1. Which value in Å is the Kirkwood Rh of the range 286-334 over different Cα pairs?
2. Between the helical axis of 115-133 and the dominant principal axis of the chain, each derived from Cα atoms, what acute angle in degrees is found, rounded to the nearest 10?
3. To the nearest 10 degrees, how steep is helix 305-319 against the longest Cα principal axis of the chain, on a 0 to 90 scale?
4. Quick one: how many lysine pairs in the range 122-304 have C-alpha atoms under 22 angstrom apart, if they're 8 or more apart or on different chains?
5. Subtract the Cα-Cα distance of Asp102 and Leu340 from 0.36 nm times their separation in residues, and report this length gain in nm to one decimal.
6. How big is the charge dipole of the range 122-304 about its Cα centre, in debye rounded to the nearest 20, if each Lys and Arg gets +1 on its Cβ and each Asp and Glu gets -1 on its Cβ?
7. How much net charge surrounds Ile140 when only other residues with a Cβ under 11 Å from its Cβ are counted (Lys, Arg +1; Asp, Glu -1)?
8. Viscosity 1.567 mPa s, temperature 4 °C: give me the Stokes-Einstein translational D for the chain in µm²/s, with Rh taken as the Kirkwood radius over C-alpha pairs.
Amino acid sequence: MTLEPSKLAMVPFVSVENMMKFVHHIGIERVLCDLAHEIEADFKRWELFDKTPRVGSHSDVGVIELMPTSDGEMYGFKYVNGHPKNAGEGLQTVTAFGLLADVYSGYPVMLSEMTVLTALRTAAMSAVATKALAPKGAKIMAMIGNGAQSEFQCLAIKAYCGIETVRLYDIDPAATVKCAANLTTTGLRVEPCSSIEEVVEGAQIITTATADKDMQQILTDNHVGAGVHINAIGGDCPGKTELHRDIVSRSTVFVEYPPQTRIEGEIQQMDPDHPVTELWEVLAGKTNGRTSLNEVTLFDGVGFAIEDFSALRYVHSWIKDTPYFDDLDMIADPDDPRDLFGMLQRAK
């Protein structure tokens, strides 16, 4: 016999196709700005959240991680991988999915792809940090690393922070060609560059988004002038950096969650007590961000679960009464909650 699933058994699922339709329906720059606002609002209530460093399973070729958090009413987690070698095999470096659940019942309320959504929220997070820390009126950004994240970064910082020019550099010239082509209709002035020295010249904001799983020195101290803001947001893990430690030493460093960033971020190169400021305290008005024109500010962004929670909650709030999800029969919900076996038997 066929048993109709109960209403509670059905969980909204946002597929990659529907996520893309949703983003185009809203508009990508509006989605990026909305996500930035949601992240900023959640950072301002930081103390309400459960916080734990992500749980990682590392291998020689990459990492698979779980990123959970809760604000006491909703619970969210993301599954995400980071495999730099994938690019050479025609695969995504990062893939992800996530789940949002009701704390009161424990029942899931949404399952979603998060490969596209993570790219959007990562860019939105950079925009939040840039708006808080970059020199006022900054109009030029250097985008170092022109892979899957680069266009999202450029658009988010344009839409949320008002940059007008992006200068592009990647060790793979084809990546720069791809990124420049994708940005041609965005209203940004796009300047492809052929070296690190060229791309940073005149930039007030420098964003690094590289994927190599090594201790790299994409930027050295002579590349970074006074008054610059840096977003170091390339795929992070223990043993992977993008900046020479001399840059970190002379920067004011801002982080999401120190116990995680000290393991995975640029500051893993530094002493365990190297001074950092938690970005949520700046956003909540508890401490200062940039304090002088000549100060070098560094957002050592590694990605934190609260950002994914914000993104999931944003999508969940929008998809009701839209065609941008499918119902999944995901939860066994018998009429008598004590008779799960009976429900199974009646399904013969």
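1. It is 15.6 Å.
2. Taking the Cα atoms of the chain, the angle to 115-133 is about 40 degrees.
3. Between helix and principal axis, roughly 60 degrees.
4. For the range 122-304, the number of qualifying lysine pairs is 8.
5. My answer for the length gained is 83.5 nm.
6. So the dipole magnitude of the range 122-304 works out to roughly 620 debye.
7. Taking every Cβ under 11 Å from that of Ile140, the sum is 0.
8. Once the numbers are plugged in, D ends up at 62 µm²/s.
The numbers here are math on the coordinates, done by the rules we state, and not lab data. All values reported here derive from a predicted model rather than from experimental measurement. FYI the Cβ positions are ideal-geometry reconstructions off the backbone, even for glycines, and counts take in every protein chain you see.
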